[in-house]
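A quick write-up on the structure given underneath.
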Amino acid sequence: MRSQIFTPADSYEEIWQLQKELVEKRIRDEIPDTFLIGEHPPVITCGRGTHAENLLMPDIPIVEIERGGDVTYHGPGQLVGYPILKLEGKNRDLHGYLRSLETLLIQTLAEFQIAGSTKAGLTGVWVGDKKIASIGVAVKKWVTYHGFALNVNTDLTQFTTINPCGLSAETMTSMTAILQTVLKVEEVINTLEKHFQSLLH
């Protein structure tokens with residue numbers, strides 16, 4: 001397993017293209033499982049399940065991508081993770097993979113004294129009735145890409161230009177909003193990477 005960090009200096013399109021290149025290499029077993037992690041510049045992404053009415057008044061770039069799910073926002077202060085994993089053997093289970101990503105996020109939040117949970121019939125991680133992390137993945141020949149977005153100190157007002165994952169913007173929260181103290185993405189990356197190492201193993 002290897003990790004690679006990206007920053008908002010890298011455009012969303014650059015990281016998206018990198019994912020697709022890594023997927024092809026992983027399919028051919030030219031690289032090990034890889035974890036891309038970092039922050040994006042402000043962007044709206046539309047998954048395969050996007051409903052046009054959930055795009056309200058976005059004034060930042062919009063990108064249509066092949067992940068599952070509806071529309072969401074990415075930007076500074078949000079920790080995004082893209083596992084490029086080959087699902088093999090007992091792990092060749094997409095539903096199980098989605099649940100493992102939720103577990104990864106819940107374990108990470110717990111180390112910051114935040115009680116994350118799941119909701120029946122919904123993908124992602126919640127704190128009470130507030131959504132703190134979104135998940136949307138794609139798979140090609142059983143190699144995963146796209147992944148999750150955890151709101152660390154995200155500007156939550158950015159969600160008001162869309163209905164994130166079909167929900168109202170008021171549903172979204174962040175680690176900083178819950179703890180009432182500003183957390184930096186860098187403070188969360190190491191904890192999340194530690195738990196990621198045990199993902200699917």
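Share of carbon and sulfur in the accessible area of region 46-201 stands at 53%, probe radius 1.4 Å. Extending 7 Å from Cα along the Cβ direction at Glu111 and again at Thr191 yields two label points whose distance is 0.7 nm.
If R0 equals 25 Å, the separation of the Cβ atoms of Thr118 and Met1 corresponds to a calculated FRET efficiency of about 0.50. Applying the criteria of a DSSP loop state and at most 16 other Cβ atoms within 10 Å to the GluC sites (Glu not before Pro) of region 78-148 yields Glu88, Glu111.
Across the cross-link table entries Lys141/Lys184; Lys25/Lys130; Lys86/Lys131, which are compared at the Cα atoms, the separations over 32 Å belong to Lys141/Lys184; Lys25/Lys130. Placing a pseudo-label 7 Å from each Cα along the Cα-to-Cβ vector at Lys20 and Arg99 gives an inter-label distance of 3.3 nm. Here are labelled values, [x] 119; [y] 133; [z] 110, and one is the computed volume of the Cα convex hull per residue in Å³ for what I pasted. Which one? Label [z] holds the value from this structure.
Mean-square fluctuations from a GNM of the chain, with a 10 angstrom spring cutoff on Cα atoms, peak among Phe148, Phe159, Phe112 at Phe112. Nearest 5 percent is fine: what portion of the DSSP beta bridges confined to the chain is antiparallel? Rounded to the nearest five, the antiparallel share is 75 percent. Note on Asp10 and Glu170: the model spin-label points, each 7 Å out from Cα along the C-beta direction, lie 3.7 nm apart.
The values are calculated or read from the model by the stated rules, or taken from the named source; none is laboratory data. Note that the coordinates shown come from a computational prediction; the quantities given were computed from them, not determined experimentally. Ideal geometry is used to build each Cβ from the backbone, glycine not excepted, and the neighbour counts take in all protein chains shown. Heads up: the accessible areas ignore ligands, DNA and RNA and are worked out on the full protein's heavy atoms, side chains in. Shrake-Rupley method; radii C 1.70, N 1.55, O 1.52, S 1.80 Å.
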